[in-house]
Amino acid sequence: MTSDAPRPPPSRRFFGAFGRRELKGLFWQVLVVGIAVAVVVFLWSNTVTNLSARRITTGFAFLGREAGMPIADSLLAYNPRDSYLWAFVVGIANTLRVAVIGIVLATILGTVIGISRLSANWLLSRLAAVYVETLRDIPLLLQLLFWYVLMQALPAARAAWRPIEGVFLSNRGLILPAIPIGTPQLWVLGTAALGLVVFYVIRRRLIAQQMRDGRPRPAWPFGLGLLVVLPAAVSVLLGVSWPIEWPELRGFNFVGGLTLAPEYFALLIALVTYTSAFIAEIVRSGIQSVPRGQWDAANALGLRRSFMLRQIILPQALRVIVPPMTSQYLNLTKNSSLAVAIGYQDVVSVANTTLNQTGQAIEAIALIMAVFLTISLGISFFMNWYNSRIALVER
Amino acid sequence: MTAIADIPEAPRAARRPQIGNPVLRWLRTNLFSSIPNGILSVVLLAVLAKGIFSFAQWGIANAVWLTPANDSSACRAVRGVGACWAIIPEKYRFILFGTYPFDEQWRPALAVLLFIALFYLSTRRTLWRRELAYLWIAALALISMLMWGGILGLSFVSQDRWGGLPVTLILATFGLAFGFPLGILVALGRRSKLPAIRSLSVLYVELIRGVPLVSLLFMASVMFPLFMPNGFNIDKLLRAQVAIILFAGAYLAEVIRGGLQAVPRGQYEAAEALGLSYWRKNRLIVLPQAIRHVIPPLVNTFIAFFKDTSLVLIIGIFDLLTTAKTAIIDPAWQQFSVEVYIFVAGIYFVFCFAMSRYSRSLEATDGR
C-alpha cells in the first residue's frame, strides 16, 4: 500500500510554508484590496478638498440647528422650529408608518389574490391573474403618480364622496371615524395585550400536553376569557367609555376623525397593490408546492376542510412562502422611499430637504442609508427567526 | 374562500361519460360547480360588466380622439365624463423623444428599433454563442453613433437633449451590459476561498441591496461631484447610469450566485483535475451551467430593473416617465394626466409583459 501512495509533487515552494496556490491567492487579495483602498483614498481626498473649497463643514453638528421645514402630515408632534434631528425622527416615524401598515395590508390582499388564482372558479382565477400581470408589469413610480393624480382629481371637501356614513373621500384625503385613545383606554388595551401573552403561554402548554398523551385540549375558552371577558370587565370596572368621534365638515375642512392625507393614502395604495401582486405569486407557488399526496392523505383521514388547510397544508406551504416574502417586505420598505416623488415626508424626503437647505449631502445620504440598513436588518432578523421556527425539523 | 382547484379529483370523475352541450358543460365545471361558486360567478360578472361599461363610456364613447393643434377646449368640455386621448397625438413626440431636435427624431426612433431587434435576437436560443457578445457591442456602438451623431454627416446632439423612451432603454440596456459582467465577478468573489475578496464582495452586495435605489441616485447626483477632482465633471445621465450599473451588479450577483450553488461539486473537481486555471475553469465549465440554471430569475431581475430605471425621475433625468410628467405641465393640458399615464403605462407594460412571457416559456422548457 505505502509504495502505491502518490509521491509528493516536485517542490514549488518559494517561501517556506507558502505554496504556489497560497501565494497566488495572497497576490490577488492584496491586489483587490489595494485597488479598493486606493479608490476610497482617492475619493476621500477629493471630497475633503472639495468640501474645504466650498466651505462646507462636515459632521453632524447641523442636526442640532432649527430645521425650519414644514412637515404637514406626521404621527409625532412637530413644528418647523424643531431641530433637524427631530425632523429626521419624524421622517423615520412616517416611513415606518407607511411600511408597517403597508406590509400588513399587502400580505392580506396578496394572500387573498394568491388563493383566488387557484380558485376552481374560472372567472375569479382569471381576474386574479390579470390583476397580477398588470400591476407587476408597470413601474411602481408610475402607479404612484397615477394614484396621486386620481387623489387630486377627487371632489373638494364640500362635495366629498361618502361611500359609507362617516367616511369621506375628497381631495383632502380619506377621513374615517375614530375612537380617541387616552390613558383609561390604554389601561384596557394593556390588559388585552397582557391577556394575549398569557394566552399564548397557556396554548403552548396545552399543545405540549396534547403531544404527550394525544388528548385534544381546546384553548379557545382561555382565549375568550383572557382576550374578551377580562378586558371587558376592566373596562366596566374602571368605567371607561369608548366614544366614536365622527368627522364633520366645518368650513372648508373636516374636524375630528382620523385623516389619511392624500399623499399618504396614495403611497399606501400604490405600495399595497403593487406588492400584493408579488405576494400573490409567492402564496400561489407556495400552496402549489405542497405535494398532492398530502391533500390525499388529509382527505383519506377524513379531516375537516378548515382543519386540513390549517394543520396540514399551510404549515408546509409556509416553508416555501416565508423566505421570498421576506424580500418582498424589504422591497416594500425600500420602495416607500418613492414618497419623495409626491411629497409625503418620509425620511428620504426630509433628508432631501435637509440636503438642499444645508448642503450637508454626505451626512444626509449617510443618514438615509443608515436608517434603511437598520430597518432591513431588523426585518431580516425577525423573518429569519420566524423562518427557523416554522422550518422542517429534521432528524 | 372558494375551493382550491389543485385538490386531486376522484378518478371516477375523469372517466364519467361526457354528455350534453360542451358550452354548458364548461360553464357548469368552471363557473357553476356549486351554489356558492355560482353566486360568486354572478357577482363577479356583474362587477366586471359594470367596470367595463363605465370604462368604455369614459374611454371610448365620450372620449375626444383628436383636436386641432394646441387646442384643448373640446377636451375640457368633456372633462370628468370622457377621456381626452387627443393629448397623445398632441404630445407623443415629446413623450417618446423628449427635447431631441424635432427634425432629427428619426435617429432616436431608429435607435429604439435597434434596441428591440437586439433584445429579440438575444432571446433566440440558437444565437446563444460568442457572436452574440460581438453583436451587442456592435449594436450599442451603432446606437451611440445614432444618438450622438457628429459623424457621417449627422449633426451632434449632446446628451442633455436626449429624452423619453431611448433614455429609458439606454439606462436599462447599458446597466445590464455592464452590470452583468460586474455581477458575475462579484458572485465569483462571494464564493471565493480568499477571505479579503469574499468580504469585499459581501460588503458591496449587502450595502447596495440594503438601501433604496433612490438613495443611490441621490448619491450619484449630489455626492458624485464631491468625489471627483476639482474641474472634472461628468454628465448627469452618465452619473445616473453608473448608479444603475452598481445597483444592477449587486442584484444580478445574487441571482448568479444562486446558479453557481446549483452546479454540482463534481464539475468543479473535474475541471480542476483537467488542470484548468481558475478563470478557465469558471469560463468554460462552471459559468455556462450556472447561468443556464438561473435564466428565468435573471429575466425577472431584468424586468424589475427595467421598471426601476423610472426612478431617475426623482433626480430630474428625462426618461420616459419624466417626459410624460413634463408633457402635462402645459397649462392647457394639465388636467389630462391620467390619459398620459395610461399611455406610458402601456409602453412599459408591453416591454415587461414580453419579457415575463419569455421567462415563462423558458421555465416551461426548463431553460433548455
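The values are calculated or read from the model by the stated rules, or taken from the named source; none is laboratory data. None of these values were measured; they are calculated from a predicted model. Cβ coordinates were reconstructed from backbone atoms using ideal geometry, including for glycine residues, and neighbour counts include every protein chain displayed.
Some points to look at:
- Hey, A:Leu142 at pLDDT 90 or above, under 28 Å from B:Ser310 (Cβ atoms) and more than 10 Å from chain B (Cβ to nearest Cβ) or not: no
- Flag if B:Gly179 is closer than 30 Å to B:Gly259 by Cα and touching a helix residue (DSSP H, G or I) at 6+ places or on another chain (Cβ under 8 Å): yes
- Odd one out for B:Pro229 among (1) facing chain A (nearest Cβ under 10 Å); (2) assigned to a helix (DSSP H, G or I): (2)
- Of the criteria (1) buried (at least 20 other Cβ atoms within 10 Å of the Cβ); (2) over 16 Å from the mean Cα position of the chain (by Cα); (3) aliphatic (A, V, I, L, M); (4) within 11 Å of another protein chain (Cβ to nearest Cβ), which one A:Ala370 fails: (1)
- B:Leu260 vs. criteria assigned to a helix (DSSP H, G or I), buried (at least 19 other Cβ atoms within 10 Å of the Cβ) and either of a type in the set (A, V, I, L, M, F, W, C) or at the interface with another protein chain (Cβ under 10 Å from one of its Cβ atoms) (or both): yes
- Looking at B:Ser361, B:Ser337, B:Ser356, just one residue is without any contact (Cβ under 8 Å) to a residue 24 or more places away in the chain, within 14 Å of another protein chain (Cβ to nearest Cβ) and among the polar types (S, T, N, Q), and that residue is B:Ser337.
- The residues on offer are A:Leu174, A:Leu123, and the sole one that is more than 14 Å from chain B (Cβ to nearest Cβ) and modelled with pLDDT under 90 is A:Leu174.
- Helices (runs of 4 or more DSSP H) within region A:153-241 that include 2 or more residues aliphatic (A, V, I, L, M) and in contact (Cβ under 8 Å) with a residue 12 or more places away in the chain: A:183-213, A:230-238
- Within region A:37-64, tally of residues that are loosely packed, with under 13 Cβ neighbours inside 10 Å and either outside any loop (DSSP other than H, G, I, E, B) or not hydroxyl-bearing (Ser, Thr, Tyr) (or both): 16
- Failed criterion for A:Leu154 (all others in (1) within 12 Å of chain B (Cβ to nearest Cβ); (2) surrounded by 14 or more Cβ atoms within 10 Å (Cβ to Cβ); (3) at pLDDT 85 or above hold): (3)
- Of the candidates A:Arg55, A:Arg12, A:Arg21, the single residue that is under 21 Å from B:Leu200 (Cβ atoms), modelled with pLDDT under 80 and more than 9 Å from every other protein chain (Cβ to nearest Cβ) is A:Arg21.
- On the stretch given as region B:283-331, residues that are of a type outside the set (Lys, Arg), more than 18 Å from the chain's Cα centre (by Cα) and more than 21 Å from B:Leu96 (Cα to Cα) total 9.
- On the stretch given as region B:142-152, residues that are under 20 Å from the mean Cα position of the chain (by Cα) and not in a helix (DSSP H, G or I) total 0.
- Breaking point among (1) more than 9 Å from every other protein chain (Cβ to nearest Cβ); (2) surrounded by fewer than 19 Cβ atoms within 10 Å (Cβ to Cβ), for A:Asn299: (1)
- All of (1) of a type outside the set (Val, Ile, Thr); (2) surrounded by fewer than 20 Cβ atoms within 10 Å (Cβ to Cβ); (3) more than 11 Å from chain A (Cβ to nearest Cβ); (4) under 18 Å from B:Ala177 (Cβ atoms) hold for B:Pro288 with one exception: (4).
- Residue list for region A:293-307, filter: assigned to a helix (DSSP H, G or I) and small (Gly, Ala, Ser): A:Gly293, A:Ala297, A:Ala298, A:Ala300, A:Ser306
- Scanning region B:190-209 for residues that are among the basic types (Lys, Arg) and part of a loop (DSSP other than H, G, I, E, B), we see that the one that is nearest to A:Lys24 (Cα to Cα) is B:Lys193.
- Tally of residues being without any contact (Cβ under 8 Å) to a residue 40 or more places away in the chain and of a type in the set (Lys, Arg) across region B:218-239: 1
- Of the helices (runs of 4 or more DSSP H) entirely within region B:71-141, those holding at least 1 residues that are touching a Pro at 6+ places or on another chain (Cβ under 8 Å) occupy B:87-97, B:106-123.
- Within region B:315-337, the presence of a residue that is modelled with pLDDT of 90 or more and surrounded by fewer than 18 Cβ atoms within 10 Å (Cβ to Cβ) is excluded.
- Exclusive hit being over 22 Å from B:Gly210 (Cβ atoms) and within 25 Å of the chain's Cα centre (by Cα), set A:Ser241, A:Ser276: A:Ser276
- Exclusive hit being within 11 Å of chain B (Cβ to nearest Cβ), in contact (Cβ under 8 Å) with a residue 24 or more places away in the chain and polar (S, T, N, Q), set A:Gln288, A:Gln294, A:Gln316: A:Gln288
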